[in-house]
Amino acid sequence: MSTPSTPSTPSAPSTPVDDDPLARERAHLASSRSALRAMREDVEALDISDVTANWVNAQILERQIEERIKALADLSHTPLFFGRLDYLHAPGAERAEGAEGEQFYIGRRHVHDVDGDPMVIDWRAPVSQPFYRASKKDPMDVGLRRRFGYTGGDLTAYEDEHLSDPAETARTSKLLQREIERPRVGPMRDIVATIQPEQDEIVRSGLGGTVCVQGGPGTGKTAVGLHRVAYLLYAHRERLARTGTLVIGPNRSFLHYIEQVLPALGELAVRQGTVDDLVAHVEVRGTDDAAAAVVKGDARMAEVLRRAVYSHVSMPSEPLVVVRGSRRWRLPAYELEEMIRELLDRDIRYGAAREALPQRIAHAVLVQMERSGEAPDDRVQDAVARNSAVKAAVKEVWPAVDPAKLVLRLLTDADFLAEHAKGLLSEDEQKTILWALPGSGRRPARSVKAARWSAADAVLIDETTDIVERTHSLGHVVLDEAQDLSPMQYRAVGRRCTTGSATVLGDLAQGTTPWATRSWQEALGHLGKGDAVIEELTAGFRVPTDVITYASRLLPHIAPGLTPVASVRENPGFFDLRSVAGTAEVVAACEELLRNEGSTGLIAADARIPALAEALSASGIGYLAPGEETTAETRLTLVPASLAKGLEYDYVVLDEPRAVVDGEPDERTGLRRLYVALTRAVSGLIVTHAAPLPPQLD
């Protein structure tokens, strides 16, 4: 492997282009940018005035053109290509002796010249795969792999690996390490230039199966999930354009942090949201204590709700008489009961069965008409189904159910809840979720609108809605920070991909809710994807060695079965443990870290945030809230520990670990929250404390 080559005058090479490899690569970059600009101009110049039949088609085509123009944007600070592959033979051709190879530049999107010849190959194309997978042991017919280094969008270095040369030994890529350790300023960025073989296998796994990725801090699981979406959209664009894709994150701050990754890869059609967004049938204005939230999130609630919904179905006690003109047609009660029981046995949605019942009744009436010599057609059957007597009978035996009203009744009517929770929830559990009982914190609500619904209540309403009417399924769903979901939340997500697949991302050691899942097998069962493949990422690319080693002291206490993350960073990072007297020294630690390039996060227990905010302001240090984009002027983010998950900063000051632990309802959850906070740093961590450290860190 050659060492990175960097010119002394990056913008003006002193040797002719033909004799200077770096100058040739820069020339190709300039030509590629010109070609991309020409591709964009060609789309902008399209005239669709005479190619559409109506204004609806015109608007659809116009929107597609706008999206294509956005996808072809040349981002000045984002390298158009980051690597090059020189094949010994043309891919797909016979490998005859003396056969000519081919050269491909690997980048974030496809770029071609005026003749249609490729200048940059999309990283997702099959021909690009060896850039991530090829090695000295398996060169995959690659003679040369070249990586490029950039500074501010300018190509300033390159590094070669002669994979098929037995005389060259395998070495760690300096440019790869430099890219991994590059300062984090602004939102999360893509990792197309640094994807590792084990990550690439997950990224390129097929659309048909669900993949669950267990990954410790810094293993790149979130980036892998987002890049898998980009890959699937490349490989199955037409199918996913019809069925849709969705990325689900834990909170708005996290979504804001990751929202630029897919657009940077040219993918603009992926929706992002939280579980709360999925189940937003009612306005959430209330909260549950931990005990109530645990019961409401338990999978047993699904059966309670199903029983409550179907309890509305009753058997007829009288025959149904349908009058048409001068004739009266009579259906005995036992025949109606057979229809109802048949629909119940089919286990179809409550609402679908309710809509099918009038047609069943009408068909039975038509059979009688035919026996009497009449010849009714489909119009007669539809008319009978709309008959007032039929409507009244259906309303009586199979009434409509409003999901929110039903959940409200369950939570406020002790007898109704007891009837349908019998054998499922204990009396204490029932009391825990009832609103009107002393100590519940909820007053009886007179209506759905007046109710102070909690986030867990909204999930119950979503479950009930699905019992009544099937939820639309998407083609693919990415679920990040999945370890924190309750069984009922998993079911809510699973409903959105019943006919599609999912990418589930998380870390059992970072489960910080009282209902955090105990195993991925259990979680995937609730999701409806029990046959998913579970992959584990254990190579840490983000967290420095000294930091992850210190944080891993907590693993035996919070997730004893997990493999500790092994940092592959050559730079051990900066780590310091400091005993302080007050907030002034915490602020001083922030000032110290801000002298470095990149972003700094001050993470603290939620209860300590106001005092730290006041201390920062008094010192004249500006700061941001989690999810807000850092700028050259403001590079410090003040982060409540409850919002730290999924975020990363070049440098972190962690204030008062004991307070982070004590801020949670139990010690295990508190230690998991501390583990999250300890592992947000990319280059350095300072832990400040006045109180004794948790003994698990000793």
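Taken over segment 98-122, the criterion of being in a loop (DSSP other than H, G, I, E, B) and touching a residue at least 24 places away in the same chain (Cβ under 8 Å) is satisfied by GLY101, ARG108, ARG109, ASP113, VAL114.
Residues in segment 102-122 that are touching a Ser or Thr at 6+ places or on another chain (Cβ under 6 Å) and either among the small types (Gly, Ala, Ser) or open to solvent by less than 10 Å² (accessible area, probe 1.4 Å) (or both) were compared, and the one that is farthest from ALA30 (Cα to Cα) is ILE106. Of all residues in segment 599-634, those that are at pLDDT 95 or above, part of a loop (DSSP other than H, G, I, E, B) and crowded, with 23+ Cβ neighbours inside 10 Å total 1.
Step by step: first the residues of segment 306-322, then only those that are hydrophobic (A, V, I, L, M, F, W, C) and under 16 Å from ASP347 (Cβ atoms), then the one that is surrounded by the fewest Cβ atoms within 10 Å (Cβ to Cβ). Which residue is that? Residue satisfying both the conditions and the ranking: VAL313.
Quick test of your reading of the structure: ARG171 fulfils all but one of (1) at pLDDT 90 or above; (2) part of a loop (DSSP other than H, G, I, E, B). Name the failing condition by number. Evaluating ARG171 over (1) at pLDDT 90 or above; (2) part of a loop (DSSP other than H, G, I, E, B) leaves (1) as the failure.
Before we move on, is MET301 part of a loop (DSSP other than H, G, I, E, B) and either in contact with an Asp or Glu (Cβ under 8 Å, 6 or more places away or on another chain) or open to solvent by 70 Å² or more (accessible area, probe 1.4 Å) (or both)? Answer is no for this residue.
Which one of these is among the basic types (Lys, Arg) and either surrounded by 24 or more Cβ atoms within 10 Å (Cβ to Cβ) or more than 30 Å from GLU664 (Cβ to Cβ) (or both): ARG518, ARG470, ARG452, ARG491?
On the way: ARG518 fails: either surrounded by 24 or more Cβ atoms within 10 Å (Cβ to Cβ) or more than 30 Å from GLU664 (Cβ to Cβ) (or both); ARG452 fails: either surrounded by 24 or more Cβ atoms within 10 Å (Cβ to Cβ) or more than 30 Å from GLU664 (Cβ to Cβ) (or both); ARG491 fails: either surrounded by 24 or more Cβ atoms within 10 Å (Cβ to Cβ) or more than 30 Å from GLU664 (Cβ to Cβ) (or both).
None of the other options fit; the residue is ARG470.
Of the residues making up segment 662-698, those that are assigned to a loop (DSSP other than H, G, I, E, B) and buried (at least 24 other Cβ atoms within 10 Å of the Cβ) number 2.
Going by what's in this entry, would ARG239 be described as over 24 Å from THR512 (Cβ atoms), open to solvent by 10 Å² or more (accessible area, probe 1.4 Å), modelled with pLDDT of 90 or more and in contact with a Gly (Cβ under 7 Å, 6 or more places away or on another chain)? In short, yes.
The one condition from (1) open to solvent by less than 60 Å² (accessible area, probe 1.4 Å); (2) at negative phi; (3) under 24 Å from the mean Cα position of the chain (by Cα) that GLU283 does not meet is (1). Contact map, segment 520-538: residues that are closer than 22 Å to GLY297 by Cβ paired with residues that are among the polar types (S, T, N, Q) and at pLDDT 95 or above, Cβ distance under 7 Å, separation 6+ or inter-chain. Pairs shown: TRP520/GLN214; GLY528/THR498; LYS529/THR210; ALA532/THR210. For segment 564-582, the tally of residues that are touching a residue at least 40 places away in the same chain (Cβ under 8 Å), in contact with a Ser or Thr (Cβ under 7 Å, 6 or more places away or on another chain), assigned to a loop (DSSP other than H, G, I, E, B) and within 19 Å of ALA539 (Cα to Cα) stands at 5.
Among all residues of segment 566-589, there is none that is in contact with a Gly (Cβ under 9 Å, 6 or more places away or on another chain), surrounded by 20 or more Cβ atoms within 10 Å (Cβ to Cβ) and of a type in the set (A, V, I, L, M, F, W, C). Restricting attention to segment 215-230, the residues that are open to solvent by 10 Å² or more (accessible area, probe 1.4 Å) and either modelled with pLDDT of 95 or more or of a type in the set (Val, Ile, Thr) (or both) add up to 1. The number of residues in segment 392-415 that are under 26 Å from LEU336 (Cβ atoms), part of a helix (DSSP H, G or I) and either acidic (Asp, Glu) or at pLDDT below 95 (or both) comes to 1.
Being in contact (Cβ under 8 Å) with a residue 12 or more places away in the chain, more than 22 Å from GLU535 (Cα to Cα) and open to solvent by less than 20 Å² (accessible area, probe 1.4 Å) narrows it down to one of ALA134, ALA170, ALA125, so name that one. It would help to see each step written out before you state the result.
Values: ALA134 fails: more than 22 Å from GLU535 (Cα to Cα); ALA170 fails: open to solvent by less than 20 Å² (accessible area, probe 1.4 Å).
After ruling out the rest, the residue left standing is ALA125.
Just to be sure, is GLY627 over 21 Å from PHE541 (Cα atoms) and touching a Ser or Thr at 6+ places or on another chain (Cβ under 7 Å)?
Values: over 21 Å from PHE541 (Cα atoms): yes; touching a Ser or Thr at 6+ places or on another chain (Cβ under 7 Å): yes.
In short, yes.
For GLU337, only one of the following conditions fails: (1) assigned to a helix (DSSP H, G or I); (2) in contact with a helix residue (DSSP H, G or I) (Cβ under 7 Å, 6 or more places away or on another chain); (3) more than 30 Å from PRO487 (Cβ to Cβ). What is its number? Only one criterion in (1) assigned to a helix (DSSP H, G or I); (2) in contact with a helix residue (DSSP H, G or I) (Cβ under 7 Å, 6 or more places away or on another chain); (3) more than 30 Å from PRO487 (Cβ to Cβ) is unmet by GLU337, namely (2).
Among the residues in segment 145-162, are any in a strand (DSSP E or B), open to solvent by less than 40 Å² (accessible area, probe 1.4 Å) and farther than 22 Å from GLN177 by Cα?
No, segment 145-162 has no match at all.
Does GLU633 satisfy the criteria of being under 21 Å from the mean Cα position of the chain (by Cα) and either of a type outside the set (D, E, K, R) or under 30 Å from ARG178 (Cβ atoms) (or both)? Answer is no for this residue. Residue under question is LEU555, and the condition is that it be in a helix (DSSP H, G or I) and either open to solvent by 20 Å² or more (accessible area, probe 1.4 Å) or of a type in the set (A, V, I, L, M, F, W, C) (or both); does it hold? Criteria met by LEU555. Scanning segment 584-618 for residues that are at negative phi, in contact (Cβ under 8 Å) with a residue 40 or more places away in the chain and either in contact with a helix residue (DSSP H, G or I) (Cβ under 7 Å, 6 or more places away or on another chain) or not charged (D, E, K, R) (or both) yields a count of 17.
The values are calculated or read from the model by the stated rules, or taken from the named source; none is laboratory data. Since we're looking at a predicted model, the values are computed, not measured. Here Cβ is always computed from backbone atoms with ideal geometry, including for glycine, and neighbour counts include all displayed protein chains. Keep in mind that these areas ignore ligands, DNA and RNA; they rest on the heavy atoms of the full protein, side chains included. Shrake-Rupley method; radii C 1.70, N 1.55, O 1.52, S 1.80 Å.
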